[in-house]
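Scroll down for the structure; my scribbles are underneath it.
Coordinate-derived values only; no laboratory data. Fair warning: this is a prediction, and the values are worked out from it, not measured in the lab. Quick reminder, even Gly has a Cβ in these numbers, built from the backbone with ideal geometry, and neighbours come from all protein chains shown.
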Amino acid sequence: MFSTTNGRRWSALALIVTAQFMVILDVAIVNVALPSIGRDLSMSDTGLQWVVSAYAIVFGGALLLGGRLADLLGRRRVFMAGLLLFAAASLLCAIAWSEGSLIAFRALQGLGGALLAPAALSLLMTTFTEGRERNLALGVYSAASGSGAAAGVLLGGVLTSYLSWSWIFYVNLPVGIAAAALAPVLLKESRADLGHRHFDVAGAGTATSGLSLLVYALTRATTDGWGAPSTIGLLAGSAALLASFVAVEARSPWPLLPLRLFRQRTLATANAAMLIIGAVTFSEFFLLTLYVQDVLRYSPMQSGAAFVAFAGTVVLVSNLAQAVVSRLGVRATLTAGFLMSAVSVAYLIRLPLDGNYFADLFPAFVLGGAGMALSFVPVTIGGLAGVDRADAGIASGLINTSRQIGGAVGIAAVTAIAAAATGRVTTVEGVDHGYRIAFVALLGLLLAGAAIAALFLRPAPAAPPAEIVDYAPLEEAA
């Protein structure tokens, strides 16, 4: 068990949360700056799409790899490597001189995030013991994860309006460097006690390529169409690679992702729920950003300010959610979170052409922020409950992967649904109708999530003491 003091552990949590917030923020902050980037670098709409997609493909594809590397090489070491790579890639993005260079550096930034995110969550898991203490820490962590996307829209609007698009990347430099410098002081090193140091090369190759190809296929589907030969071929290739990954893992003596983890029903159900949460969260911000800019004609600055209510509610309720989980349990809290989000989305289905912020958006933002917080906290607790500390990195990578893949699927799906509903009508009325039909689809997805949580989620037992690795004190490791 850890011998760190309470103050040191909560300082460590602050560092972990800051790093996680930076990664999640970066997913959304770029969207607001895309028009400015396109003008400065003379990029087409397709090129601008790849500024977002290059990051998403590498980030989503390499999360499992990042999680297992953290277990094998040391969680603090991989955390620091991810921070420094993310900061360096951010600098390169800021000084990018062409379309190709920016897309390549965004992919490198995604790799840094894929190393950083699972290492951060596994450090939290091994710093705090399962139960109330870890639940409280996960509440703070989830506040950063849940509010990062909303804060990204706000910060992106401010930086793009008053400075330039390069500053959306420059802001990562001081954060990344400072966090990497503080990591040896505040975080202790830990790694999995697996009895070996072998690495599952075949599993890493098939998982990373299969997941990356899946995200790429879903990205292409938004432009080529779901029935296009290119989309079908890419999805088939992804399915073949992921099937090969499962076959490799079933036979490997040292698997990248031990399939035995899925025997824990709470973990399996939590990851299924996280797929839905990721799909709804990414899609909702995507649709709402387009609505306020394309229909209501908000400026980037106004668009960012509009999401303050959403982000603020997420932060506030996330810090209360652990107490709700302690009283009601993971299943009841997650079900309530899904239902609250469903009410919010149902309210958004009526989005009018001349919408008023406080009448038509603000109530949904507050309800949606509360629902997101009451979903993120219990689903993360469920995804890590009962997991041996030796598997902390890979379990963290898995829950992050579920969110990222869910987000990619969600955006591709709502884009296709909105386009189909809009048809050939290019007027504001037609666009608004397409958005409302997409929100109907998200409502159905949230109700399905509530049913999954209510019917299949069960508490998982904590890992037995014999399986907990006794790590060196913080002062010795530092």
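Stretched out fully, how many nm does the piece from LEU447 to SER101 gain, at 0.36 nm a residue minus the Cα gap?
Length gained between LEU447 and SER101: 120.3 nm.
Between the helical axis of 428-456 and the dominant principal axis of the chain, each derived from Cα atoms, what acute angle in degrees is found, rounded to the nearest 10?
Helix 428-456 sits roughly 30 degrees off the main axis of the chain.
For SER11 paired with ILE437, estimate the spin-label separation in nm (one decimal), with each label point 7 Å from Cα along the Cα-to-Cβ line.
According to this spin-label approximation, the distance is 5.7 nm.
Return THR333, THR427, THR160 ranked ascending by Cβ neighbour count within 10 Å, so the fewest neighbours appear first.
THR427, THR160, THR333
Between VAL158 and ARG265, how many nm apart are label points set 7 Å from Cα along the C-beta direction?
4.7
What value does segment 201-306 have for Rg/Rh, both radii from Cα atoms and Rh as Kirkwood defines it?
In segment 201-306, Rg relative to Rh is 1.12.
How far, in nm, would the chain grow between THR129 and VAL428 when pulled straight, counting 0.36 nm per residue and subtracting the alpha carbon separation?
102.4 nm
What FRET efficiency would be calculated for the residue pair ASN356, ALA243, taking the C-beta separation as r and a Förster radius of 45 Å, to the nearest 0.05?
0.35
Cut-off is 10 Å between beta-carbons; in what order do MET301, MET274 appear when sorted fewest neighbours first?
Least crowded to most crowded, the residues run MET301, MET274.
Give the separation of the Cα centroids, segment 234-307 to segment 106-170, in Å.
Between the Cα centre of segment 234-307 and that of segment 106-170, the gap is 16 Å.
As I understand it, the value is the acute angle between the Cα axis of helix 172-186 and the longest principal axis of the Cα atoms of the chain; what does it come to in degrees, rounded to 10?
20
Using a 10 Å cut-off around each Cβ, can you sort TRP50, TRP226 from fewest to most neighbouring Cβ atoms?
TRP226, TRP50
By how many degrees, 0 to 90 and rounded to 10, does the Cα axis of helix 330-348 deviate from the longest principal axis of the chain?
Result, in degrees: 10.
Can you compute the modelled spin-label distance between TYR170 and SER42, with each label point 7 Å from Cα toward Cβ, in nm?
Taking the simple label geometry, TYR170 and SER42 are separated by 2.5 nm.
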